[in-house]
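Nothing in this text is a laboratory measurement; each read-out follows from the coordinates by a stated rule. Here the structure is a predicted model, which means the values were calculated and not measured. Cβ sites come from the backbone with ideal geometry, for glycine too, and all protein chains shown count toward neighbours.
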Amino acid sequence: MADSKRAGVSPGRPQSPVVASGRVLTSPQLFGGSLILLGIGFAAGVLTQSMLAPVASPAPPAVMSAPPAAAVQGLPPGAVSMEAHQAIEDLRSHLDHEPDDVDARLRLANALFDAGKHAEAIPEYQRVLAARPGDADVRTDLGVSQRESGQSAQAAASFRQALVDNPRHANAQFNLGVVLAYDLGDKAGGIAAWERFLDLETDPQRQAQVRQALAELRNSNGKGPAGTTAP
């Protein structure tokens with residue numbers, strides 16, 4: 001997928017360092033608030049580890065992605081740079097006249113994602129997928145936006161479909177584990193998803209990071225906290 005593979009996170013595309021394209025969800029406590037991607041080619045993020053102190057139950061995960069343009073430019077949280085705002089408006093104007101331009105619509109969806117406008121990104125990703133139903137990168141980014149909008153069950157469904165389309169999509173596999181264990185209270189499902197992720201990952205350092213996260217999850221009391229949202 002052309003634009004979704006631009007340097008940039010996980011969660012369908014890398015944005016900082018890189019895992020399989022598709023943005024990645026992770027826990028700030030597990031992997032530090034720096035929000036780096038898991039590196040396989042995460043088109044949207046890389047997992048780093050600022051270690052988890054032993055806790056009864058793991059902290060809820062957050063979307064792991066490269067810092068948004070606003071943060072890089074020192075703007076207040078939630079602010080969108082003038083350049084990003086203008087790019088979004090230009091793409092919307094173009095699509096008013098060329099609604100079937102799928103590449104432009106994907107750029108719009110990604111721009112909205114990067115601006116933190118996940119609720120607005122969701123319908124744009126869905127329109128892209130109507131034209132490209134087998135694109136696992138786009139499906140993974142849709143899942144991240146759904147999760148960030150409080151739609152955890154839909155996010156899990158999107159990550160699962162991405163794995164049907166591409167069974168080796170590491171970002172989708174990792175994200176599925178996060179949503180199952182932390183949002184939906186399915187600790188066993190989250191553990192299974194991350195164990196499968198380890199089968200896909202070949203980098204020893206990343207394997208070690210996720211093994212430690214798995215150990216923390218296994219040692220937690222009960223299930224991952226259900227119904228939590230990303231901080």
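Going through ALA188, ALA181 one at a time, which residue ends up being among the small types (Gly, Ala, Ser), assigned to a helix (DSSP H, G or I) and out of contact with any helix residue (DSSP H, G or I) (no Cβ under 8 Å at 6 or more places or on another chain)? Talk me through it step by step, then tell me what you get.
Details: ALA181 fails: out of contact with any helix residue (DSSP H, G or I) (no Cβ under 8 Å at 6 or more places or on another chain).
Of ALA188, ALA181, the one residue that is among the small types (Gly, Ala, Ser), assigned to a helix (DSSP H, G or I) and out of contact with any helix residue (DSSP H, G or I) (no Cβ under 8 Å at 6 or more places or on another chain) is ALA188.
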* Asked: Of (1) assigned to a helix (DSSP H, G or I); (2) more than 30 Å from GLU216 (Cβ to Cβ), ASP100 satisfies all except one. Which?
  -> (1)
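Condition test on PHE159, is it buried (at least 18 other Cβ atoms within 10 Å of the Cβ) and touching a residue at least 40 places away in the same chain (Cβ under 8 Å)? Spell out how you get there, then give the answer.
On the way: buried (at least 18 other Cβ atoms within 10 Å of the Cβ): yes; touching a residue at least 40 places away in the same chain (Cβ under 8 Å): no.
Answer is no for this residue.
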* Output yes when any residue across the range 132-151 is surrounded by fewer than 24 Cβ atoms within 10 Å (Cβ to Cβ), part of a helix (DSSP H, G or I) and more than 11 Å from the chain's Cα centre (by Cα), and no when none is. => no
* Read through the list (1) out of contact with any Gly (no Cβ under 8 Å at 6 or more places or on another chain); (2) within 26 Å of GLU216 (Cα to Cα); (3) among the β-branched types (Val, Ile, Thr), then give the number of the only condition that VAL128 fails. => (2)
* For the range 162-201, how many residues meet the condition of being more than 18 Å from VAL138 (Cβ to Cβ) and in contact (Cβ under 8 Å) with a residue 24 or more places away in the chain? -> 14
